[in-house]
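Asker: Next up is a structure, given as structure tokens.
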Amino acid sequence: MTAKRTPVLLLTGYLGSGKTTLLNRILNNRRNIKFAVIVNDIGEVNIDADLIQKGGVVGGQGQDDLVALQNGCICCTLKMDLVKQLCEIVDSGKFDYIVIEASGICEPEPIAQTICSIPRILGSADVPVPALDCIVTVVDALRMQSEFGSGDSLQRPGLDEEDIENLIIQQIEFCNIILLNKISEVTADEAARIRAVIRAL
């Protein structure tokens, strides 16, 4: 018998890119999809309180369905905390979908590997498991224009592993979907350049 698999959306993007705004839009869905949310943000959790209190939007049981993993990063120090929370959410049977909002400084690849390794960690093929469904990266076009030369600095030679540009490259490269946020706040030429750089990565 194949175990039930609960789909997981991993939401990434650099600090201030608009991940939480997108998450609030997801939670405000009109299809009665029951979402569980795991937030890993070094700063303040800023999910719209009204959405959580509506009942049914984040699973119908209130604040317990919003899990904040803080004081660390789920791509390194909080890996097993993430596994534990994912398994508890799936075991509850209350949710159709799980959304993980990663911190802006997280690399998506190790988080994805952690999610995909859960069936092996559990060691059983007939228990409910989370299954990575999609990785979405939100890119702030305005910040890309003002701080990263419309993306040109992402292509400069000699990038060090610790450079911010390298983190942004990883977030862009390791995803299924890229959402360009604030694209209306840059010129058409700048937008075209940003898109070209993203496609080239």
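Asker: Of all residues in the range 130-155 being over 17 Å from GLU107 (Cβ atoms) and in contact with a Lys or Arg (Cβ under 7 Å, 6 or more places away or on another chain), which is most open to solvent (accessible area, probe 1.4 Å)?
Answerer: By that ranking, first place goes to LEU142.
Per-residue answers, yes or no, for (1) touching a Gly at 6+ places or on another chain (Cβ under 8 Å); (2) within 22 Å of SER103 (Cβ to Cβ); (3) open to solvent by 40 Å² or more (accessible area, probe 1.4 Å):
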site	(1), (2), (3)
PRO157	no, no, yes
GLU161	no, yes, yes
ASN166	no, yes, no
ILE169	no, yes, no
LEU180	no, yes, yes
GLU190	no, no, yes
ARG193	yes, no, yes
ALA200	no, no, yes
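Asker: Please find, within the range 1-38, the residue that is least open to solvent (accessible area, probe 1.4 Å) out of those that are among the aliphatic types (A, V, I, L, M) and part of a loop (DSSP other than H, G, I, E, B).
Answerer: Filtering the range 1-38 for residues among the aliphatic types (A, V, I, L, M) gives 1, 3, 8-11, 15, 22-23, 26-27, 33, 36-38.
With part of a loop (DSSP other than H, G, I, E, B) added as a condition, the list becomes 1, 3, 15, 33.
Numbers: MET1: 187, ALA3: 15, LEU15: 72, ILE33: 53 Å².
Checked the range 1-38; the qualifying residue least open to solvent (accessible area, probe 1.4 Å) is ALA3.
To keep it simple, each residue is scored yes or no on (1) touching a residue at least 60 places away in the same chain (Cβ under 8 Å); (2) outside any loop (DSSP other than H, G, I, E, B); (3) of a type in the set (Asp, Glu).
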site	(1), (2), (3)
ILE111	yes, yes, no
CYS116	no, yes, no
PRO157	no, no, no
ASN166	no, yes, no
ILE172	no, yes, no
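Asker: Regarding the range 113-129, can at least one residue be identified that is surrounded by fewer than 20 Cβ atoms within 10 Å (Cβ to Cβ), of a type in the set (Lys, Arg) and within 25 Å of ILE26 (Cβ to Cβ)?
Answerer: There is no residue in the range 113-129 that is surrounded by fewer than 20 Cβ atoms within 10 Å (Cβ to Cβ), of a type in the set (Lys, Arg) and within 25 Å of ILE26 (Cβ to Cβ).
Asker: Continuing with this model, one more query. Any residue that is of a type in the set (Asp, Glu) and within 22 Å of ILE164 (Cα to Cα) - is there at least one of those in the range 94-104?
Answerer: Looking only at the range 94-104, we keep the residues that are of a type in the set (Asp, Glu), and these are 96, 101.
Now narrow it down to the ones that are within 22 Å of ILE164 (Cα to Cα): 101.
Looking through the range 94-104, at least one residue is of a type in the set (Asp, Glu) and within 22 Å of ILE164 (Cα to Cα).
Asker: Need pairs with beta-carbon distance below 8 Å; first residue of a type in the set (S, T, N, Q) and within the range 13-38, second part of a helix (DSSP H, G or I); sequence gap 6+ or separate chains.
Answerer: Listed pairs, sorted by first residue: SER17/ARG143; ASN24/LEU51; ASN28/LEU51.
Asker: Same structure, new question: Being out of contact with any Phe, Trp or Tyr (no Cβ under 9 Å at 6 or more places or on another chain) and among the β-branched types (Val, Ile, Thr) is the filter; apply it to the range 1-40 and report the residue that is farthest from VAL129 (Cα to Cα).
Answerer: Of everything passing the filter in the range 1-40, THR21 is farthest from VAL129 (Cα to Cα).
Here is a yes/no grid of residues against (1) over 30 Å from ALA192 (Cα atoms); (2) at pLDDT 85 or above:
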| site | (1), (2) |
| --- | --- |
| LYS54 | yes, no |
| GLY59 | yes, no |
| CYS73 | yes, no |
| MET80 | yes, no |
| ASP91 | yes, yes |
| ARG120 | yes, no |
| ILE135 | no, yes |
| SER153 | no, yes |
| PRO157 | no, yes |
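The values are calculated or read from the model by the stated rules, or taken from the named source; none is laboratory data. Bear in mind that the values here come from a model prediction, so they are computed numbers and not experimental data. Here the Cβ is made from the backbone with ideal geometry for all residues, glycine too, and neighbour counts use every protein chain on show. Accessible surface areas use protein heavy atoms only, side chains included; no ligands, DNA or RNA. Shrake-Rupley method; radii C 1.70, N 1.55, O 1.52, S 1.80 Å.
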